[in-house]
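Engineer: Take this structure, written in structure tokens, and hold onto it; I'll ask about it next.
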Amino acid sequence: MQEALYWLDLLGVAVFAASGALTASRKQMDIFGFALVATVTGIGGGTLRDLLLGIQPVFWINDPAYPLTCVVIAVLVYFTAHLVESRFRTLLWADALGIAMFCITGAAIALAAGAPPVSAVILGTVTATFGGLTRDVLCNEIPLILRREIYATAAATGATVFVVLDLLGLPGWLDIALAFITALSLRGAALSFGLYFPVYKTRPGRDYSDDGS
């Protein structure tokens with residue numbers, strides 16, 4: 001299971017790096033900008049997770065495969081982004097795949113580090129969303145996590161499914177598969193059908209001018 005989680009984590013980094021590079025293409029950055037945004041997006045969530053867990057050094061320091069993957073993806077997207085018909089739509093789906101992968105690996109690493117189940121779910125959600133949040137802030141975009149479509153909820157639900165199934169002692173591959181399907185299905189449904197939770201609507205303010213006399 002550990003090997004499967006490692007490759008899932010590395011694939012998640014690649015997918016998130018691609019979403020970062022696609023954002024850089026929409027902002028017409030140079031190749032250094034592509035590499036920077038892709039790397040921050042790819043490893044940002046996992047870096048925050050490790051810092052919160054007190055894991056030193058953070059995961060990518062001793063494993064150069066992670067930052068190298070981000071840079072390679074950034075270069076590839078730099079030379080091929082013009083071939084993508086709808087870069088924003090592609091970005092959204094790459095991001096959806098990323099959160100489905102990272103909510104699992106984030107929760108699994110948190111559990112392995114001794115975090116309680118609830119904390120593992122939170123850290124899985126943080127891992128899945130912080131890189132994208134940083135990407136959007138750097139590129140002056142409205143963060144996807146703040147849009148009304150289901151986003152962080154998909155990551156939290158996927159992490160919850162993984163943690164619960166892990167506690168039940170189910171086979172590791174089944175935990176991963178069901179959690180991935182859950183998170184991707186929720187986010188995919190939000191993208192395909194515009195699903196979202198009800199938003200707050202303003203109401204007329206109460207008039208306090210009358211003192212009641």
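The values are calculated or read from the model by the stated rules, or taken from the named source; none is laboratory data. Worth saying up front: this structure is predicted, and the values here are computed from it rather than measured. Glycine gets a Cβ as well: all are built from the backbone with ideal geometry, and neighbour counts include every protein chain shown. Surface accessibility is based on the protein's heavy atoms, side chains included, excluding ligands, DNA and RNA. Shrake-Rupley method; radii C 1.70, N 1.55, O 1.52, S 1.80 Å.
Engineer: Per residue, how much accessible surface does the chain expose to a 1.4 Å probe? Answer in Å², no decimals.
Structural biologist: 52
Engineer: Once you charge only the Cβ atoms, +1 for Lys and Arg and -1 for Asp and Glu, what is the size of the charge dipole of the chain about its Cα centre, to the nearest 20 debye?
Structural biologist: 440
Engineer: Can you give me the % of accessible surface on segment 99-140 that is carbon or sulfur? Probe 1.4 Å, all protein chains present, nothing else counted.
Structural biologist: Exposed carbon and sulfur together represent 72 percent of the surface.
Engineer: Which of the peptides 55-63, 113-121 is most tightly packed, and how do the rest follow, going by the mean number of other Cβ atoms within 10 Å of each residue?
Structural biologist: Result, highest mean first: 113-121, 55-63.
Engineer: Calculate the length of the line joining the C-alpha centroid of segment 17-65 to that of segment 119-140, in whole Å.
Structural biologist: About 11 Å separates the Cα centre of segment 17-65 from the one of segment 119-140.
Engineer: Got a sec to turn the phi values of segment 135-144 into Karplus ³J(HN,Hα) couplings, 6.51 cos²θ - 1.76 cosθ + 1.60 with θ = phi - 60°, whole Hz, x for Gly and Pro?
Structural biologist: 4, 5, 5, 4, 9, 6, 10, 5, x, 4
Engineer: Please give, to one decimal in nm, the separation of the simple spin-label points placed at Leu11 and Ala113, each 7 Å out from Cα toward the Cβ.
Structural biologist: 2.4
Engineer: Tell me, what % of the accessible area of segment 1-80 is carbon and sulfur with a 1.4 angstrom probe? Provide the component values of the computation, followed by the final result.
Structural biologist: Details: 2650 of 3780 Å².
With neighbouring chains kept in place, the figure for segment 1-80 is 70 percent.
Engineer: Can you tell me the FRET efficiency between Leu170 and Gln56 if r is taken as the Cβ-Cβ distance and R0 is 41 Å, rounded to the nearest 0.05?
Structural biologist: Numbers: r = 32 Å, r/R0 = 0.77.
The value I calculate is 0.85.
Engineer: Show Leu8, Leu146 ordered by accessible area, largest first, where the area counts protein heavy atoms only and the probe is 1.4 Å.
Structural biologist: Leu146, Leu8
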